[in-house]
Amino acid sequence: MADYIIMPKLGFNMDKGTVEKWIKKEGDFVKEQEVIFEVETDKTVMEVEAQISGVLRKILVTEGEEVPVTLPIAIIGDKDEDISKMIEEAYQKLGKKVEIVEKKESKVNKEASPVIEKKQEIELKEPKKELKKISPGARRKAKELGVKLQLLKGSGPGGVVIEKDIVSFYQNHKEIKTSPVAQKIAERAGVNLETLKGSGASRRIMKKDVQELLAKTPEIGKVEEKIPYIGMRKIIGDRLSQSKFTAPHIYFTTSIDMSEVIRLLKRFNQNTENKISINDFLVFVVAKVLSGQPNINCSLVGEEIICHKDINIGVAVALEEGLIVPVIKNANKKSLSILSKETKKLIKLARERKLMPDDYKGGTFTVSNLGMFGIEQFTAIINLSEAAILAVGAIKRVPVTIEEEGVEKIESRSLMKITLSVDHRLIDGAMAVNFLKQIKYYLEFPESLFLK
């Protein structure tokens, strides 16, 4: 019995999803739990498996098209099952107009065939007549351009339909098939879609086709480049804007001598394959300090300040499309080695865009480290629902005045600047200073972390 494939709800806050890629095509047999398509959410691209076995009878949503969750996007069922009513019902739910085309002469398809107004192929609707001879080149070209061989008058010897007849008909009747996302990008960038050859099904122009053209021709319409403010970039921007304009930010910066941490990790990493990074150690320290200062690990919910029992630390990861923050759950309950392995795994999944929604939900505090990119100091915007974020800069060797037994001397030390951004509605200056003082203590005297 035929059933709909719906746009799945893959996260609590997910309202819509974009079909990134169809792994299966119409007519393919699909086994239960076999991957059938990929969906792009606000943060990641995920594979979706079929819930039943059967033939993929109809794809209702094209690649690049955004659809609200739970709406039908395809139909799977038996090979010869009548699905005409399901198609019509699905198009109505999707808000697509349907045109019924009767195909009376077809013995295979006796049902009415719904066709979206933007047809997937060019079709002559007059009754079939006996076709004249068709050259092999014309057949290939007709298949390539999606032209059905009906009532074409041949211009070749004896009325043979030749390749130029197909091309001429296509030029006179073609409709440019474009995904909604590609259409928006093209309109904003001033791209002539007629110049593009689509890579999608039935030569449909996809998002990547337009982006590839823009990359090759940066000056279109006297503009160097136009990048649409959509997708992940827009979601991140909207959320950070909401945070910045809602929560009054206040910033606190301090310098930390990282010499002892560097020496400690150098000794530790000599005898293990699982290397501990500065960032791993920093997250470990933050978790330790938060467990003793729950007033930093908090959120404002309505008219209440909620101090979270769980310490879930987000680690900001920079991607080409924007920033994503995978979350290490219960970080204070993990050993340094386990925390290091989990952090590296989440960062890898984030860069491969394979995070599950639960991997970047539920954070209570965030660490954003740009030190590996040579940034010495910066301020970060607090993530929504959190009260603070720690911005970490690069470690630099600088001359420092040291006093020993009343005598001052200059030494070269490895200093790192960190800046704590806090929501001033929830965290005042004294609380922020105490938090940074504790972070500084543990990083400058790391052995104290392991003393009982």
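The values are calculated or read from the model by the stated rules, or taken from the named source; none is laboratory data. No experiment lies behind these values; they were computed from the predicted model shown. All Cβ positions, glycine included, derive from the backbone under ideal geometry; neighbour counts span all protein chains shown.
Within the bounds of segment 167-188, is there any residue that is out of contact with any Lys or Arg (no Cβ under 9 Å at 6 or more places or on another chain), modelled with pLDDT of 80 or more and crowded, with 16+ Cβ neighbours inside 10 Å?
Within segment 167-188, not a single residue is out of contact with any Lys or Arg (no Cβ under 9 Å at 6 or more places or on another chain), modelled with pLDDT of 80 or more and crowded, with 16+ Cβ neighbours inside 10 Å.
Report yes if residue 143 is in contact with a helix residue (DSSP H, G or I) (Cβ under 9 Å, 6 or more places away or on another chain) and either modelled with pLDDT of 70 or more or of a type outside the set (A, V, I, L, M, F, W, C) (or both), otherwise no. Break it down stepwise before answering.
Details: in contact with a helix residue (DSSP H, G or I) (Cβ under 9 Å, 6 or more places away or on another chain): no; either modelled with pLDDT of 70 or more or of a type outside the set (A, V, I, L, M, F, W, C) (or both): yes.
Criteria not met by residue 143.
Here's the yes/no breakdown for (1) more than 22 Å from residue 204 (Cα to Cα); (2) in contact with a strand residue (DSSP E or B) (Cβ under 6 Å, 6 or more places away or on another chain); (3) modelled with pLDDT of 85 or more; (4) of a type in the set (A, V, I, L, M, F, W, C):
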| position | (1), (2), (3), (4) |
| --- | --- |
| 35 | yes, yes, yes, yes |
| 40 | no, yes, no, no |
| 50 | yes, yes, yes, yes |
| 54 | yes, yes, yes, no |
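Restricting the search to segment 19-59, which residues are among the polar types (S, T, N, Q) and surrounded by fewer than 16 Cβ atoms within 10 Å (Cβ to Cβ)? Working first, answer last.
Of the residues in segment 19-59, the ones among the polar types (S, T, N, Q) are 33, 41, 44, 51, 53.
Across segment 19-59, the qualifying residues are 33, 51, 53.
Within the set of pairs 6 or more residues apart or between chains, which connect a residue that is more than 20 Å from residue 316 (Cβ to Cβ) inside segment 265-290 to a residue that is exposed (fewer than 13 other Cβ atoms within 10 Å of the Cβ) and among the basic types (Lys, Arg) with Cβ atoms less than 6 Å apart?
269/275
Which of the residues that make up segment 383-397 are crowded, with 23+ Cβ neighbours inside 10 Å and touching a helix residue (DSSP H, G or I) at 6+ places or on another chain (Cβ under 6 Å)?
Answer for segment 383-397, where residues must be crowded, with 23+ Cβ neighbours inside 10 Å and touching a helix residue (DSSP H, G or I) at 6+ places or on another chain (Cβ under 6 Å): just 392.
Those residues that are outside any helix (DSSP H, G or I) and not β-branched (Val, Ile, Thr), I need them from segment 259-298; list them, please. Can you show your working first?
If we filter segment 259-298 for residues that are outside any helix (DSSP H, G or I), which is where we start, we get 270-277, 293-298.
Within segment 259-298, 270, 271, 273, 274, 275, 277, 293, 294, 295, 297, 298 meet the criteria.
Within segment 25-45, work out how many residues are in contact (Cβ under 8 Å) with a residue 24 or more places away in the chain and more than 30 Å from residue 347 (Cα to Cα).
So the count comes out to 6.
Would you confirm whether or not segment 340-353 contains a residue that is out of contact with any strand residue (DSSP E or B) (no Cβ under 7 Å at 6 or more places or on another chain) and assigned to a loop (DSSP other than H, G, I, E, B)?
Yes, some residue in segment 340-353 is out of contact with any strand residue (DSSP E or B) (no Cβ under 7 Å at 6 or more places or on another chain) and assigned to a loop (DSSP other than H, G, I, E, B).
So, residue 135, is that one at pLDDT 75 or above, outside the structural domain of residue 61 (by TED's automatic domain parsing), touching an Asp or Glu at 6+ places or on another chain (Cβ under 9 Å) and within 22 Å of residue 59 (Cα to Cα) or not? Outline the logic, then answer.
Details: at pLDDT 75 or above: yes; outside the structural domain of residue 61 (by TED's automatic domain parsing): yes; touching an Asp or Glu at 6+ places or on another chain (Cβ under 9 Å): yes; within 22 Å of residue 59 (Cα to Cα): no.
In short, no.
Determine which member of the set 394, 380 is in the same structural domain as residue 314 (by TED's automatic domain parsing), within 38 Å of the chain's Cα centre (by Cα) and in a loop (DSSP other than H, G, I, E, B). Walk me through how you get there before you give the answer.
Details: 394 fails: in a loop (DSSP other than H, G, I, E, B).
It is 380.
Of the residues that sit in segment 398-444 and are of a type in the set (Gly, Ala, Ser) and surrounded by 14 or more Cβ atoms within 10 Å (Cβ to Cβ), which one is nearest to the chain's Cα centre (by Cα)?
So in segment 398-444, the residues of a type in the set (Gly, Ala, Ser) come out as 406, 412, 414, 421, 429-430, 432.
From what is left, the residues that are surrounded by 14 or more Cβ atoms within 10 Å (Cβ to Cβ) are 414, 421, 432.
Values: 414: 37, 421: 26, 432: 34 Å.
That would be 421.
Kindly check whether there is at least one residue in segment 423-446 that is assigned to a strand (DSSP E or B) and within 29 Å of residue 307 (Cβ to Cβ). Can you show your working first?
From segment 423-446, those assigned to a strand (DSSP E or B) are 423; that's our starting set.
From what is left, the residues that are within 29 Å of residue 307 (Cβ to Cβ) are 423.
Yes, because at least one residue in segment 423-446 is assigned to a strand (DSSP E or B) and within 29 Å of residue 307 (Cβ to Cβ).
Quick one: would you say residue 247 is in contact with a strand residue (DSSP E or B) (Cβ under 7 Å, 6 or more places away or on another chain), crowded, with 17+ Cβ neighbours inside 10 Å, at pLDDT below 90 and under 29 Å from residue 438 (Cβ atoms)?
On the way: in contact with a strand residue (DSSP E or B) (Cβ under 7 Å, 6 or more places away or on another chain): yes; crowded, with 17+ Cβ neighbours inside 10 Å: yes; at pLDDT below 90: yes; under 29 Å from residue 438 (Cβ atoms): yes.
Yes; evaluated as a whole, the condition is true for this residue.
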